[in-house]
Each structure stands twice: as structure tokens, then as C-alpha cells.
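Since every read-out is calculated from the coordinates, none of them should be taken as a lab result. The structure presented is a predicted model; accordingly, all values stated were derived computationally and were not measured. Positions of Cβ are backbone-derived with ideal geometry, glycine not excepted, and every protein chain shown enters the neighbour counts.
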Amino acid sequence: MRTLANILWHFPFFGFLNALATFLIGGLFVITVVGAPIGLGLIELSKFLMTPFSSQMVSKKQAGIKQNKLWNIYGFIVRIVYFPLGLILSIVTIVQIVGLVVSIVGIPMAIILAKSLSTFFNPVNKVSVDRYGRH
């Protein structure tokens, strides 16, 4: 059933375009090196958007991934600087959610975008894992 939902996410609703756009934005942040924590989180979000019904977004702490303390401090500083762009991406996602809910058929897809909304707003230290917790 999840496989069918993932297929429906991609072809009638063009979910792969969301994944591609998120990957490209994340790639731009990684290229700048300064925005690497944000870019890596957005790339993980694009990985989630490729199979949203079979995976979930969690923080690295919840996934049991240890990180360097300096990286965490740097990630916090970058998160503050990212706030305006995160707000814009969140608003664009909310508009998509409203459009999907209005179509009624797109309600399951709107739920996926609503679940990923916090990651659009704050992608630092987030990772995509499958339903069983493996990444």
C-alpha cells in the first residue's frame, strides 16, 4: 500500500518536483560551505520526499547519531541566519498544502507536506529514516 501511495505521490501530484527543488536548494547551500548544515538537512528532506509514505524525518539525536559539539553550535548559529528563508519556504509549503486539501483527492499528499513542514522551517540536524528507524 505504501508503494502505491509513493507512486501516486510522484505522478499525479508531481512529488518528484518537490524533491528535486529541495535537493537543488540544498545543493546550493552545501556549495557555499557556510550553509552546509542547512544544505545537508534539505538534501535529507529531498530524500524523504522521494518516498514519503515509507520514511520519516527525525532529528539526528532521535536517530541516535552523535555529533561534534562545535558542529552543533555552528548549526545553531546558521539556523538563526536561515530563519527568514525558512519562513518563506514554510509559507510556500503551506500554500501547497491548502491547494492539495481543496482538491480533496490530495489530502494524503497534504498530510505528507504538513509532516515535512518543520523540516522546511528548520532543516539543521534532521535526517530521513525509514519506518523502522534505519537511515
(message) Restricting to the stretch 97-117, count the residues that are in contact (Cβ under 8 Å) with a residue 24 or more places away in the chain and closer than 21 Å to residue 41 by Cβ.
(response) 5
(request) Look at residue 59 and say whether it is hydroxyl-bearing (Ser, Thr, Tyr) and within 11 Å of the chain's Cα centre (by Cα). (result) no
(message) Just the residues that are of a type in the set (A, V, I, L, M) and surrounded by fewer than 18 Cβ atoms within 10 Å (Cβ to Cβ), please, taken from the stretch 8-29.
(response) 8, 17, 20, 21, 24, 28
(message) Given the criterion crowded, with 16+ Cβ neighbours inside 10 Å, of a type in the set (A, V, I, L, M, F, W, C) and either on the phi < 0 side of the Ramachandran plot or within 14 Å of the chain's Cα centre (by Cα) (or both), identify the matching residue among 76, 48, 83.
(response) 48
(request) Identify, by number, the condition in (1) under 27 Å from residue 132 (Cα atoms); (2) part of a helix (DSSP H, G or I) that residue 66 doesn't meet. (result) (2)
(request) Could you look through the stretch 118-135, keep only residues that are part of a helix (DSSP H, G or I) and among the hydroxyl-bearing types (Ser, Thr, Tyr), and pick out the one that is farthest from the chain's Cα centre (by Cα)? (result) 118
(message) Please go through (1) at positive phi; (2) touching a residue at least 24 places away in the same chain (Cβ under 8 Å) for residue 14 and return the number of the only condition it doesn't satisfy.
(response) (2)
(message) Can you pull out every residue in the stretch 47-81 that is within 18 Å of residue 122 (Cβ to Cβ), free of Cβ contacts under 8 Å to residues at least 60 places away in the same chain and among the small types (Gly, Ala, Ser)?
(response) 75
(request) For residues that are among the polar types (S, T, N, Q) and in a helix (DSSP H, G or I), scanning just the stretch 86-117, find the one that is surrounded by the most Cβ atoms within 10 Å (Cβ to Cβ). (result) 116
